[in-house]
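Structure record follows, encoded as structure tokens.
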Amino acid sequence: MEVPKESLRRVVRFGVFEVDLRAGELFKQGLKIKLQQQPFRVLALLLERPGEVVTREDLRQAIWPAGTFVEFDVGIDAAIHKLRTALGDSAENPRLVETLPRRGYRFIAAVDGAVAEEEQASTAAAWPVLTAGSTRATHARWRPAGTALGVLIIISGAAASFYASKNSKGGQSHANVVPFTSSPGQKSDPVFSPGGNEIAYTWKGENDDNSDIYVKLIGAGGPLRLTSSPAEEYCPAWSPDGRYIAFMRGGDRGGIGAPSRDRAYYLIPALGGAERKIGEAYGQRQLYEECLEWSRDGKYLLVADRMAPEDARSSILLLSVEDGQRRVLVSQPDLYVANPIGSPDGTAVAYVQGAGFLAGDIYVVAVSGGLPRRVTSDGRSLNGLAWTADGKEIVFASNRGGLWRLWRVSSSGGTPELVNGVGEGAGAPTISPRGNRLAYVQARADANLWRTAGPASKGRGAAPMKVIASSRQDWEGTFSPDGRRIAFGSDRSGSVEIWICNSDGTNQAQLTSLKAADAGSPSWSPDGKTIAFDARLEGHGDIFVISAEGGTPRRLTPEPVENNVPTWSRDGKWIYFSSNRTGSWQIWRVSSVGGSAIQVTRNGGFRAQESPDAKFLYVWVEREGGTIWRMRPSGEETTTRILQGEPVFAWWRVAPGGVYFIEGSTTPALVKFFDMATERVKTITTLDLGHSMPAYGFDVSPDGQWILFVRVDQVASDIMVVENFR
């Protein structure tokens, strides 16, 4: 329906609010509240008929013309919700907008007369419906800062007082970090709306039980839940015109080798409504936040995925929103690729490339084609990228300084600098298209080492107990050959180092002091005198050995490639490790006293363990959701698959007669034993791994009395917003 032009007022007042119907602006005591298109049109229609019932059918016809892709009932509910949030109204105790069940809505506040008349205008002309091809549609992070149609702006009292504050020198306003969320449960994947005043994000809910997509205004109101399926949903991305949000569904966020579990790309209206599946996701879900990105014309999603299920590696792809067809932008650049994000002017794409999630760098490639340009040379973990609005810099999360923080670097390369005002535990940055706001996830986890009764314990056994704990993260615990000591990794000193203690957790002592080296994967020599581990001193992983009593570590792998996850041969002469030096992850071995490395596998491998009698070598391979193979230590190519569907390379141990392993990607997980003689699997016990998956670290004591594992006892995460970001 169309509102009669003779009844249209230019400015209408009610209470402390003033509405400019022509300009599409709402004010509260002089502060502008710019409503998104659909909620404003609802308000305009209600104001044209104060005290009258406006039916849901009236709203449907005026706001969502025939052919518009939206579930009308859900869309109307969402628009009313956003309107009430902006006005500070309540459905339970309405002061402005009253709900009449099964009929519609009524504006119940007193409305003042018009200040001016508009001669030739109509509601339909004042707020046109934007389509994907509209020349007035705004663009998300792929466009320069500019007009922002269809975005709800609420300036809260805190925000207003912030903008009023000035620097005593030069009169410039200060940057200010404020919480965007404060509810229980883990949040991730924030992304600004095209206008920069709403954020879509992933939230696991107050009970931390399932990830869904939510949208929330900055400064006021509660979140609007968009998805509610029992599957995991994550990685939201706004369409350029702000009408839709793309997201991913399925799969458990895990590390190397986590299975896909029917992952796919979906589309949903930003106000809620019917979903539409775009296409399958063939790549594996990454440990850190992934992201989706829209092309400027709204026709494609920019993704890191495989062209086909059988492909070994992911590429940077353009995924058609209309039919799910794929086109390669950057073809299989390395073993690992993630986080593609377009520049504000749409001419370039930044992404993460490297040997794995622990070893990545930022690259930039022109959308028109050509060779990618390397921006950083750290070889570190990266958790999200964001272009500044002018396209001159890239903000990213990294542990390059030891702990997770936000950094900024010129998009043409250079030395990264810390983002001021943002502390440790920061990740997943996103910048509003206008460039005045930065949002990120502030997270902190308390992971500790626990032990529970093992397979050789008699009777019911002791209850699980915490043996190694701090207020930070402790993981990757492993027993010494005599079972009297434990080596483990910890970041309690401000960088990830190797620590050692008694098997009951007493006498904890720091063994290495490498500073920002990501030391991990400790492995005891058979005589218990030496510990091998991996660390990153020069932008790539290397294998080191150190005396169990302390001293200076000695590096065994001088080559500038990735070398990770060491384990000892049973005679103590060799150390097996994984390396990407041939272009794929394979198992190699090097003498424990140093020398040239020798390739062991040629069909893949990321972690290897010798059997107790040294007759066989067991190898974890990433493919097929994680598989364990048996072969000869000499590298003989005849192999036998022992287990399939073992998703995490750290969740298995070879023991006399078989293999212990953790099964399950949710807690409680099952500890099982594969018997080599009978080829049968039996359940040993269950483990409560806590709040987050995966929790790296699993071992069985040499006497079988104890199982050592990592439990994430506490996780806290919220989305923070930096106002007046520069």
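Quick note: the coordinates plus some simple rules give every number you see, no bench work behind them. Remember, predicted model here, so these are calculated numbers, not experimental data. Virtual Cβ from ideal backbone geometry, glycine too; neighbours counted across all protein chains shown.
Amide H contacts for Val367 (H built 1.01 Å from N in the peptide plane; partners 5 or more residues away or on another chain; cut-off under 5 Å): Ala348, Val349.
Electrostatic bookkeeping for Gly604 treats Lys and Arg as +1 and Asp and Glu as -1; over the other residues with beta carbon under 9 Å from its beta carbon, the sum is +1.
Calculate I(q)/I(0) for the stretch 525-647 by the Debye formula, one identical point scatterer on each C-alpha and no solvent, and give its log10 at q = 0.10, 0.12, 0.20 Å⁻¹ to two decimals. Debye curve over Cα of the stretch 525-647, log10 I(q)/I(0) at q = 0.10, 0.12, 0.20 Å⁻¹: -0.29, -0.42, -1.11. Net length available on complete extension from Val16 to Asp311 is 100.1 nm, with 0.36 nm assigned per residue and the Cα-Cα distance removed. Taking other C-beta atoms within 10 Å as the exposure proxy, Ser471, Ser701 rank Ser471, Ser701 from fewest upward.
Estimated from the Cβ-Cβ distance and a Förster radius of 45 angstrom, the FRET efficiency linking Glu25 and Ser183 is about 0.90. Within the stretch 578-598, list the residues whose amide N lies under 11 Å from a label point set 7 Å along Cα→Cβ of Ser634. Once the point is set 7 Å along Cα→Cβ of Ser634, nothing inside the stretch 578-598 turns out to lie under 11 Å by backbone N.
Past the 14 angstrom mark, what percentage of all C-alpha to C-alpha distances in the stretch 354-423 do you count?
On the way: 1414 of 2415 pairs.
In whole percent, the long-distance tail amounts to 59.
With R₀ fixed at 30 Å, the C-beta to C-beta distance from Val681 to Gln332 puts the FRET efficiency at about 0.25.
Exposure proxy check: Leu226, Leu403 ranked by fewest other beta carbons within 10 Å?
Leu403, Leu226
Compactness of the stretch 455-704 was expressed as the Cα radius of gyration divided by 2.2 N^0.38 Å, which yields 0.97.
Taking neighbour counts of Cβ atoms within 10 Å as a proxy for exposure, in what order, fewest first, do Phe396, Phe17, Phe649, Phe674 appear?
Fewest-to-most ranking of Phe396, Phe17, Phe649, Phe674: Phe17, Phe674, Phe649, Phe396.
Given their separation in residues at 0.36 nm each and the Cα-Cα distance between them, Leu670 and Leu537 gain 44.3 nm when the chain is fully extended.
Simple spin-label estimate for Ser229 and Ser591 gives 5.7 nm between the two label positions (7 Å along the Cα-to-Cβ direction from each Cα). The residue among Ser493, Gly454, Ser480 whose Cα reaches farthest toward the positive pole of the charge dipole of the stretch 421-500, with charges on the beta-carbon of Lys, Arg, Asp and Glu, is Gly454. Extension gain for Ser368-Ser470 works out to 31.7 nm (0.36 nm per residue, less the C-alpha to C-alpha distance). In terms of the mean number of neighbouring beta-carbon atoms within 10 Å, the peptides 216-225, 557-566 order highest first as 557-566, 216-225.
Label-to-label distance for Ser513 and Ser377 is 3.0 nm, based on points extended 7 Å past Cα in the beta-carbon direction. Taking 29 Å as the limit for the C-alpha separation, the pairs Lys32/Lys216; Lys82/Lys204; Lys515/Lys672; Lys204/Lys682; Lys28/Lys277 exceed it in the case of Lys515/Lys672; Lys204/Lys682; Lys28/Lys277.
Net charge of the neighbourhood of Pro230, taken over other residues with C-beta under 12 Å away and scored Lys/Arg +1, Asp/Glu -1, is -3.
Can you compute the FRET efficiency between Ser320 and Glu57 using 1/(1 + (r/R0)^6), with r the Cβ-Cβ distance and R0 = 41 Å? Round to the nearest 0.05. For Ser320 and Glu57, the calculated efficiency is 0.75.
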